[in-house]
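Accompanying notes for the structure given below.
The values are calculated or read from the model by the stated rules, or taken from the named source; none is laboratory data. All values derive from a computational prediction rather than experimental measurement. Cβ placement follows ideal geometry from the backbone for every residue including glycine, while neighbour counts extend to all protein chains displayed.
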Amino acid sequence: MLSFYKLFQKVLIVLSIVSVLVLGYVFYSLVVASNELKASGDMQLLSYKLADELRQSSDDLTRLVRTYAVTGDKSYKDQYFAVLDIRNGKKPRPQDYHRAYWDFVAGGNSKPRADSDLTISLNDLMKQNGFTPQEFEKLKQSNAKSDSLVVLETKAMNAAEGLFEDSSGKFTIKGEPDYKLASNLVNSKDYHNFKAEIMKPLDDFFVLMENRTKDEVSKANSTLKMLQAIFVIVLVITVICIGLLVFVGSKITYGILGGKPSDLEKAVSELANGNLAQEVKTKNPNSAMGLLKTANENLRKLIDDAKHLSSENSSISEELSSTSLQAGKRIEDSASFVSQTTQKVDNIHKTVTAGMQDARGGKEDLTKANEYINETSSSIVALTEKIQQSANTETELAQRMDQLCKDAEQVKIILTTINEIADQTNLLALNAAIEAARAGEHGRGFAVVADEVRKLAEKTQSSLIEINATINTIVQSITDSSEKMNDNAKSMDNLTNIANQAREQMVSMSEVMQKAIKVSEKTVASYISNGENIEDITKSIDNINEISNKNARSIEEIASACEHLNKMTETLNNKLYEFRT
């Protein structure tokens, strides 16, 4: 029976989940249908506003043309054509155009409300908002019948302006404005007949529009009501499933417990009070009551066995107490021997530790000395590089000095050439002076020039002598400096060779120190190994000593535990006999 209820519970759970999911879907559909109903209502209202705008604009046109025919006031004519332009999408639509507008304009308020950003014909607005082809056909019929009315209105407005029709149908005949004729034209029986013919398909258009929007609203409303009914049905099914699920759950709980919860509570209470002699009644051995019955029987058997074992424990604890006292005496003797051995090993360990520290100190000194040698070697290498750089620089400067000497020699050659030119110039000046003297009065001016040229040549020769002397001095200085630099370069090379020899000696010393360090490391490692072995021996002896002490304490604890076990056994016996078996 319990398996049937469990299977039925699973079915109910599945049905409940499905019904909740369906309920959620129906609720979502309700929201969608509600939105569609609202949209249909909004569309119905908007369609009515657009249709009413068409009718209202027709009435406004009639009123404005009649007023213009009576008064001849041009503003009414402008309003007439403005109504047509807005309806045909040639001018922006005013805001909230479905409200009263042209009545305010006719009353003197030229702009009752601001224009909107929308410039669109009334026909296009109707197309955008779902007007049907049948409805547009009625509008087309109405527009086709409006031609006769337009002819009368055109004649009336031209008559109010003093323009009359000629034989060809054009308004070319001018005269005085005839307001009476204009008024008669727009208030005549023909005018009313034409307007009635126009309004008949327009009225049919209203009927089609109203029927269409009513059908849309009715369909949306029907869908909403249907979904509401489905929602209620699914909700009732969900509630029924949940109710059945609760009922089946209670049946399953009764089957799992194996009885009423009060019976289970009573049995557990008796067990808690130590009454193992109670009889637990149940039909299902796998239920909680059945398991409690089995536990009660097992516990009753366990208590009986425990009582028997407790009696045996009492005698065993007395024997164990006697044995532990004898073992304690033997452990005390072994502990004394281990303590003496530990002291001897400690002395050996101290000696080895001192030797190991000395070996480590020697190794550290050798390591530091090796580091100093390496640092000195590095410094010598750096010094050698700097000396070599200086030698290279000195050699390069000496080469540049040699080049300067060569350049100075070239300058001396050029100066010699200039000196020769000055000598020739001087000779030419003398020859010119002689020729000028021969020429007499006519060569006097030329003589002056020749004299100036001679003086210039003499000054040039004098300057060249001084320059030549200076250059000789410079060349001599450069030569001396170059020789000194070459000597310095050679000295630098010698220093480099000496530094390289010193570096090689340092490297040899470093290798010797490395060998000494390795020997020292082996010595230290040997000491460390011996020390570790001695430490291991010491630790082993300490462990033996500690184990002996622990054994001694354990023996004492065992003796104490035996005594405590005796007392606990008595207490346990007293507690066990509190259970009624």
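Looking at the stretch 100-131, which of its residues are at negative phi, surrounded by fewer than 13 Cβ atoms within 10 Å (Cβ to Cβ) and over 53 Å from the mean Cα position of the chain (by Cα)?
ALA100, ASP103, GLY107, ASN109, SER110, LYS111
So which residues in the stretch 155-180 are surrounded by 15 or more Cβ atoms within 10 Å (Cβ to Cβ) and either in a helix (DSSP H, G or I) or under 60 Å from the mean Cα position of the chain (by Cα) (or both), if there are any at all?
LYS155, ALA156, MET157, ASN158, ALA159, ALA160, TYR179
I'd like the residue in the stretch 104-145 that is at pLDDT 85 or above and among the hydroxyl-bearing types (Ser, Thr, Tyr) and, out of all such residues, is farthest from TYR68 (Cα to Cα).
Residue satisfying both the conditions and the ranking: THR132.
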